[in-house]
1. So for the pair L128, S197, with labels modelled 7 Å out along Cα→Cβ, what separation do we get in nm?
2. Which lysines have a Cα less than 22 Å from the Cα of K107, not counting those fewer than 8 places away in the same chain?
3. What are the ³J(HN,Hα) couplings of the stretch 158-165, residue after residue, when phi is run through the Karplus curve with 6.51, -1.76, 1.60 and θ = phi - 60°? Round to Hz, x for glycine and proline.
4. Mind checking the stretch 159-205 for chymotrypsin sites (Phe, Trp or Tyr not before Pro) that DSSP puts in a loop (not H, G, I, E or B) and that have at most 15 other Cβ atoms within 10 Å?
5. Give, as a single signed number, the net charge of other residues whose beta carbon lies under 13 Å from the beta carbon of E166, with Lys and Arg counted +1 and Asp and Glu -1.
6. With every protein chain kept in place and ligands, DNA and RNA left out, what is the accessible area per residue of the stretch 94-217? Probe 1.4 Å, answer in Å².
7. From the protein chains alone at 1.4 Å, what is the descending order of accessible area for V177, V78, V33, largest first?
Amino acid sequence: MRKRLAVASVACVLVAAPAFAQEVNPTFTGPRVEATLGWDHVAAGSNAQGTGESHRNIDGLVYGGGIGYDIATAGGVVLGAEGEITGSTAKSDRYDYTQDFGYGRVKAGRDLYAGVRAGILASPTTLLYVKGGYTNAKLNVLAGNTNTSTDTSFKLDGWRVGAGAEHALSSNSYAKVEYRYSNYGSGRVNYSDGGTSGAFDVDTDRHQVVASYGFRF
């Protein structure tokens, strides 16, 4: 009788093990690479000083790409790390000599991001997630009344949060839409002679709505 019970117990464990393993969805696991395109809006933050022209904003098209690595866990939870580099067409009006939101006439340059995300499966092929991390943006100073950037630029440090939805199109491709908000609280000036200023306080907001298409390996 004891031998029969032992055999039955082992059989139950062997049957249950595959069932438990199947609870981990493999669709959102592994390394990934993606291309991103969307709307970019940069403006003075709520704590910025001044009114009128000093509170202008710039809008444009954000574009770039990113990489990431995700791990799906039992219960439909997905955890991941990611990095991104983007550029933007957002810039001050070429004939505007006012101090647009405190930086003068500038064009948005490259933007670096590194962070983490956490999500939950809304279905076997759809992931809802939130994200957060560090961002470093560049604003290139424009020369005269042309579109040419000078050798002077602003480097801004800040943080980013966001949320989005990702849908698996196949076993190794996906599409997603995402909103993210960035706030930059520290800045430096890179001068044309190669010098760099000390850090100073800023308050700059960035809102982006983007769509991405990617591949998982």
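The values are calculated or read from the model by the stated rules, or taken from the named source; none is laboratory data. Keep in mind that what you see is a predicted model, and the values were worked out from it rather than measured. Virtual Cβ from ideal backbone geometry, glycine too; neighbours counted across all protein chains shown. Ligands, DNA and RNA are excluded from the accessible area calculation, which covers all protein heavy atoms including side chains. Shrake-Rupley method; radii C 1.70, N 1.55, O 1.52, S 1.80 Å.
1. Placing both labels 7 Å beyond Cα along the Cβ direction yields 4.4 nm.
2. Cα-Cα hits under 22 Å: K91, K138, K155.
3. So the Karplus estimates, Gly and Pro as x, are x, 10, 9, 10, x, 8, x, 9 Hz.
4. Values: sites: W159, Y174, Y179, Y181, Y184, Y191, F200; in loops: Y191.
Answer in residue order: Y191.
5. Values: positive: R32, R117, K131, K176, R216; negative: E34, D70, E82, E178.
Charge balance near E166 sits at +1.
6. Numbers: 5670 Å² over 124 residues.
Result: 46 Å² of accessible area for each residue.
7. Details: V177 85, V78 5, V33 60 Å².
Correct descending sequence by accessible area is V177, V33, V78.
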